[in-house]
Amino acid sequence: MEAIVQSEDYLTQLRVLMEPKENLKQHGFITQPLTEEELLLKRRCLGCKKAMSQLRGRERKDPGIAVSAHAANNGTGSLPATEAAALVLATPVAAATEVAENQSIDPAKPAPVPRFKCKFHPGEVVDKYWTCCDQHCTADPCSGAHFHDPQDESLVKLVQHHQLYHTPIVHGRVGRQDIRAAVALDCEMGTAKTGDSELIKLTLIDYFTGEILIDKIVEPDVPLQHLNTKWSGVTWGQVRAAQRKRTSLQAPAGARRALWKFVGPETIVVGHGVHNDFKSLKWIHEHVVDSFIIEFKIKKRIDEQEKKAQEEAIAKAKADGTCVEPVKEDAVPTEAANGGAAPAQKKRKRKGGNLSLRGLAERRLNRKIQLGEGKTGHDSVEDTFATRDLVHWHITHPGAE
Ligand SMILES: [Zn+2]
Ligand SMILES: [Zn+2]
């Protein structure tokens, strides 16, 4: 890939594209480390496995109280006996019809169905079927509990996995010699057993020279369900090879340490939807040029202009007394009615709104990338260069639409 000549002038132009610090939050960036309360909300419910932060406030218990479902079931928890009994129902098929002991069972009446706030399958999936209810793995939960029950995880562990850190200031000349003026990065994600996205690969290049600074497999600190190879391009073979050669980075701290060798607080970090990469790295950085945000703003401006022009045309037509049919966006005319033009029209509309890296690389750079999408996956080096070149395109085409 071509090098870009680094100059103060170019850096000034890059800074113009930088997202103002105060706007980062609205674009999905996390700008502050998590508080203790936010960290506690990262704990998962023992029943439905959702993070407490994903559950609506009224549905969760005080995050400070952690009653294990097991203890409650044995009558040693702090819940009343009836609630404790319903907290975990060992026999799920019977669960739906189970009634409290003091109620008489009338076979004529339909059994009351407990209304659980926390719904789950107490069994496990074996050969695509739940062991608890013999239903297919996609079936709705067969059992539940009256309350969500956060896992009793220590704050130390929560900090290790979830806490986010600012780019540290590097002291001393030796530490600073590798710090770059601007870099571009791309992360690939796998899926943890919990369903969360986890960092599995990190690629970092020097924005100007194009030197590949990092291109490494990252090992998450939680068990993985799958690598999303079809998209991430990362295979178990690559993971095992990296483990054998000890070239992999440990997530998230090891990956951040590797990054911070090249990135100081003043380094401009270029990415596409880079807030997702930052989240997976549990990293807070303020100097950001995001090709997605740049394109998103252009698209928004065009959409607004088009809307305004349309409104003006309607207003003018009304004033002139000519009848104007409002354009229905969802209306799909039949093939026969318009000679099969509808699909092409729809396609064009979608293409104009496509802000994916793949779509933009084709439109702006005339470059086809991610050809392995859905099969062999993305190449994170290719993606990183596409992002950098997209930003460079905007520098060399100021005011482009
Ligand atoms: Zn079940
Ligand atoms: Zn739950």
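The values are calculated or read from the model by the stated rules, or taken from the named source; none is laboratory data. All values reported here derive from a predicted model rather than from experimental measurement. Reconstructed Cβ throughout: ideal geometry from the backbone, glycine too, with neighbour counts over all protein chains shown.
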Top-ranked residue of the stretch 136-183 - restricted to ones that are exposed (fewer than 12 other Cβ atoms within 10 Å of the Cβ) and within 16 Å of ligand 1 (Cβ to nearest atom), ranked as nearest to A258 (Cα to Cα): T138
Cross-chain or 6+ apart pairs with Cβ under 9 Å, the stretch 295-322 first and farther than 27 Å from S356 by Cβ, then assigned to a helix (DSSP H, G or I): T322/K316
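Give the residues of the stretch 118-134 that are in a loop (DSSP other than H, G, I, E, B) and either surrounded by fewer than 16 Cβ atoms within 10 Å (Cβ to Cβ) or more than 16 Å from ligand 1 (Cβ to nearest atom) (or both), sorted by residue number. Walk me through how you get there before you give the answer.
Looking only at the stretch 118-134, we keep the residues that are in a loop (DSSP other than H, G, I, E, B), and these are 121-124, 127-128, 131-134.
Within the stretch 118-134, E124, D127, K128, T131, D134 meet the criteria.
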Per-region count, the stretch 136-189, residues within 16 Å of ligand 2 (Cβ to nearest atom) and either under 17 Å from G254 (Cα atoms) or not in a loop (DSSP other than H, G, I, E, B) (or both): 4
Count of residues meeting criterion [crowded, with 17+ Cβ neighbours inside 10 Å and either modelled with pLDDT under 90 or among the hydrophobic types (A, V, I, L, M, F, W, C) (or both)] in the stretch 197-219: 10
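Which is assigned by TED's automatic domain parsing to the domain that holds Y10, in contact (Cβ under 8 Å) with a residue 12 or more places away in the chain, within 29 Å of Q238 (Cα to Cα) and among the hydrophobic types (A, V, I, L, M, F, W, C), of I214, I169? Outline the logic, then answer.
On the way: I169 fails: within 29 Å of Q238 (Cα to Cα).
Answer to the selection: I214.
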Residues that are of a type in the set (D, E, K, R) and either touching a residue at least 24 places away in the same chain (Cβ under 8 Å) or closer than 18 Å to D379 by Cα (or both), drawn from the stretch 217-247: E219, D221, K230
Listing of helices (runs of 4 or more DSSP H) fully contained in the stretch 1-75 that carry 3 or more residues being at pLDDT 90 or above and of a type in the set (D, E): 36-40
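This table checks each residue for (1) modelled with pLDDT of 95 or more; (2) farther than 19 Å from F385 by Cα.
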| site | (1), (2) |
| --- | --- |
| P252 | no, yes |
| A258 | yes, yes |
| I294 | no, no |
| K299 | no, yes |
| D303 | no, yes |
| K307 | no, yes |
| Q310 | no, yes |
| G321 | no, yes |
| P326 | no, yes |
